[in-house]
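Inspection log for the structure reproduced underneath, given as structure tokens.
The values are calculated or read from the model by the stated rules, or taken from the named source; none is laboratory data. Source: prediction; values computed, not measured. Here the Cβ positions follow ideal geometry from the backbone for every residue, glycine too, while neighbour counts run over all protein chains shown. Remember, those area values only see protein heavy atoms, side chains included, never the ligands or the DNA or RNA. Shrake-Rupley method; radii C 1.70, N 1.55, O 1.52, S 1.80 Å.
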Amino acid sequence: MDPLFIAIYIATAFVFVFAHSCGNLGLKRTLLLLALTCGISLLFESFGVETGLVYGLYQYSDRLGAMFLGLVPYAVPLTWFIMIYPSLVIATRIVPVQVQRLDRVLRVAGTGALAMTAWDLVLDPVMVHFEFWEWGTEGLYFGIPLHNFLGWWVTSFIIFSAYLLVKPIPGPGQGERPADSDRLAVIAYAITGATTVLVAVNFGLIGPAVFGSLAMLPWIVLGLRGK
């Protein structure tokens, strides 16, 4: 896969997600979510590459461009944001509003983290196939350590929790925009997931494509229904 295609896709998706988030959450909330996503993901990724304790032993190649401290490409935190925001929207559309604040924070954070991690079931094998990063140990999931997916869930959970504790958000239809407007964010999640799946299928990564599709589909359906 051409790194230029990756760069163009990330830039295009980021602009759309950022714009939708500004319209939905407002500029200040969006900047907060962006800052938390980039800061926490970069911290965990850097610590993970250096120690292997978060996701397992892995390292990035130079195919994704310049790297923070020579460890993590700067494009990676932006990629996290591209799916963090839609995953947050999906979770807030699913989790009931009529629960206590802390309970809802934990439910939304946990649900959003599951939706986020579902994408990595297909993303990681694809990116390894194209040598954007490599694993130091052979894992059980198409060569990827299962530890990695726990790390993804924990990282996402912390991002969502930090954001929701600082800026609680209303349920679907309770903000300035109608609930149906959130569906565009869910569709963005679906498009990014489907694009990754199609790339996997095109290059013979059928197993990851199937597992990734099965993992993401329920979140797409539930997110669109808002239940």
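Structure summary
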quantity: Selection status of Leu224, more than 15 Å from Leu88 (Cβ to Cβ), at pLDDT below 95, surrounded by 15 or more Cβ atoms within 10 Å (Cβ to Cβ) and out of contact with any Leu (no Cβ under 9 Å at 6 or more places or on another chain); calculated: yes
quantity: Leading residue by the ranking (surrounded by the most Cβ atoms within 10 Å (Cβ to Cβ)) among those in segment 190-206 that are among the polar types (S, T, N, Q) and within 18 Å of the chain's Cα centre (by Cα); calculated: Thr196
quantity: Matching entry among Leu114, Leu106, Leu165 (being more than 22 Å from Leu31 (Cα to Cα), among the aliphatic types (A, V, I, L, M) and open to solvent by 20 Å² or more (accessible area, probe 1.4 Å)); calculated: Leu114
quantity: Selection count, segment 198-227, where residues are assigned to a helix (DSSP H, G or I) and either touching a Gly at 6+ places or on another chain (Cβ under 6 Å) or over 13 Å from Val122 (Cβ atoms) (or both); calculated: 9
quantity: Breaking point among (1) touching a His at 6+ places or on another chain (Cβ under 8 Å); (2) at pLDDT 95 or above, for Gly139; calculated: (2)
quantity: Positions within segment 27-72 being touching an Asp or Glu at 6+ places or on another chain (Cβ under 8 Å) and without any contact (Cβ under 8 Å) to a residue 40 or more places away in the chain, in sequence order; calculated: Leu71, Val72
quantity: Subset of segment 28-47 (residues that are under 19 Å from Pro168 (Cα atoms), over 16 Å from the mean Cα position of the chain (by Cα) and either modelled with pLDDT under 95 or open to solvent by less than 30 Å² (accessible area, probe 1.4 Å) (or both)); calculated: Lys28, Arg29
quantity: Which listed residue, of Phe142, Phe157, Phe130, Phe149, is in contact (Cβ under 8 Å) with a residue 12 or more places away in the chain, open to solvent by 10 Å² or more (accessible area, probe 1.4 Å) and more than 26 Å from Val221 (Cβ to Cβ); calculated: Phe130
